[in-house]
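First the structure, in the form of structure tokens, and then the observations on it.
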Amino acid sequence: MRPESDEPLSGPDIAARRYAWAQSALAILFAASVIAAAYLVRGADTDLMRWMAVALPAAVFLVWTWVAVRSIRAADEMVQAALVRAVAIAGTLVTVAATIWGLFETLLAAPRLPIFLLAPAFAVFFGIAVRAQGVRAR
Amino acid sequence: MKNILRELRIERDWTQADLAVHLGVSRQTINALEAGRYDPSLPLAFKIARLFGRRIEEIFDDGVEEPPKRRR
């Protein structure tokens, strides 16, 4: 029997591996750019510089989203169906949680949570939903 | 849905990765198909049938008995 590393990779497997690396790198880059933006905004002299500082993580996030959509499109039919189900599950959970928290925040003065945390929350729910279906990124 | 995909693959001495390459799907899809955890789409079922030179119903069994054919 051949060792796993010598086995041939199909097109969808090669794409999944490539996109998993790209998305991991973009997630790290997004976190780093949010921290960098926080420092840059504090030190910026003009509004334009502040806007540009915040545009940096926003741009990284747009690229990350685009890569995530491309990865779903590149998957085969079974993995694609599992990923689309995971998007639906994560989207529903994040919407429900955000709405309930928003009610408490508005009506009962619960601690304010920054909206940009919805993306990492979505990523966590998405990851759990993908794993729960027995699918994995290579 | 039950199927004989694993038997057909082993007959040809292919690994799941080999079959995945032949069908252009991921190895985890082959694994799910063989375990009966995933039912393929019609285009994929046709592709599998053509690859092994069999009819779809010879490979996949939905467990439903065919009604006896009526005589004219």
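The residue pairs whose first member lies in segment A:22-43 and is on the phi > 0 side of the Ramachandran plot, whose second member is outside any helix (DSSP H, G or I), and whose beta carbons are closer than 6 Å, counting only pairs six or more residues apart or on different chains, do not exist in this structure.
Table: residues versus (1) closer than 30 Å to B:Ala17 by Cα; (2) within 14 Å of another protein chain (Cβ to nearest Cβ).
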{"position": "A:Ala15", "(1), (2)": "yes, yes"}
{"position": "A:Val34", "(1), (2)": "no, no"}
{"position": "A:Arg50", "(1), (2)": "no, no"}
{"position": "A:Val69", "(1), (2)": "yes, no"}
{"position": "A:Val96", "(1), (2)": "no, no"}
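Note on segment A:43-77: among residues that are in a helix (DSSP H, G or I) and in contact with a Leu (Cβ under 7 Å, 6 or more places away or on another chain), the one that is farthest from A:Ala121 (Cα to Cα) is A:Glu77.
Checking every residue in segment B:6-14 against the condition of being more than 11 Å from chain A (Cβ to nearest Cβ), touching a helix residue (DSSP H, G or I) at 6+ places or on another chain (Cβ under 8 Å) and closer than 21 Å to A:Val135 by Cα gives at least one match.
Every listed requirement among (1) surrounded by fewer than 12 Cβ atoms within 10 Å (Cβ to Cβ); (2) over 18 Å from A:Met78 (Cα atoms) is met by B:Lys2 save one, (2). Among the residues making up segment B:21-36, those that are at the interface with chain A (Cβ under 7 Å from one of its Cβ atoms) and farther than 13 Å from A:Glu77 by Cβ are B:Val21, B:Arg27.
Okay, residues lined up against (1) outside any loop (DSSP other than H, G, I, E, B); (2) modelled with pLDDT of 95 or more:
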{"position": "A:Ala31", "(1), (2)": "yes, no"}
{"position": "A:Val41", "(1), (2)": "yes, no"}
{"position": "A:Ala82", "(1), (2)": "yes, no"}
{"position": "A:Thr95", "(1), (2)": "yes, yes"}
{"position": "A:Leu113", "(1), (2)": "no, no"}
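Within segment B:37-60, how many residues turn out to be within 11 Å of chain A (Cβ to nearest Cβ) and aromatic (Phe, Trp, Tyr)? Result for segment B:37-60: 1.
Whenever a residue of segment A:102-118 is charged (D, E, K, R), its partners that are in a loop (DSSP other than H, G, I, E, B), lying with C-beta atoms within less than 8 angstrom and at least six residues away or across chains, give the pairs A:Glu105/A:Pro111; A:Glu105/A:Arg112; A:Glu105/A:Leu113. Among the residues making up segment A:1-21, those that are in a helix (DSSP H, G or I) and either at pLDDT 75 or above or within 21 Å of A:Ala68 (Cβ to Cβ) (or both) are A:Gly11, A:Pro12, A:Asp13, A:Ile14, A:Ala15, A:Ala16, A:Arg17, A:Arg18, A:Tyr19, A:Ala20, A:Trp21.
Of everything listed in (1) under 21 Å from A:Arg136 (Cβ atoms); (2) within 14 Å of the chain's Cα centre (by Cα), the single unmet condition for A:Ala31 is (1).
The values are calculated or read from the model by the stated rules, or taken from the named source; none is laboratory data. Nothing here was measured: the structure is a model prediction, and the numbers come from that model. Note: ideal-geometry Cβ built from the backbone for every residue, glycine included; neighbour counts use all protein chains shown.
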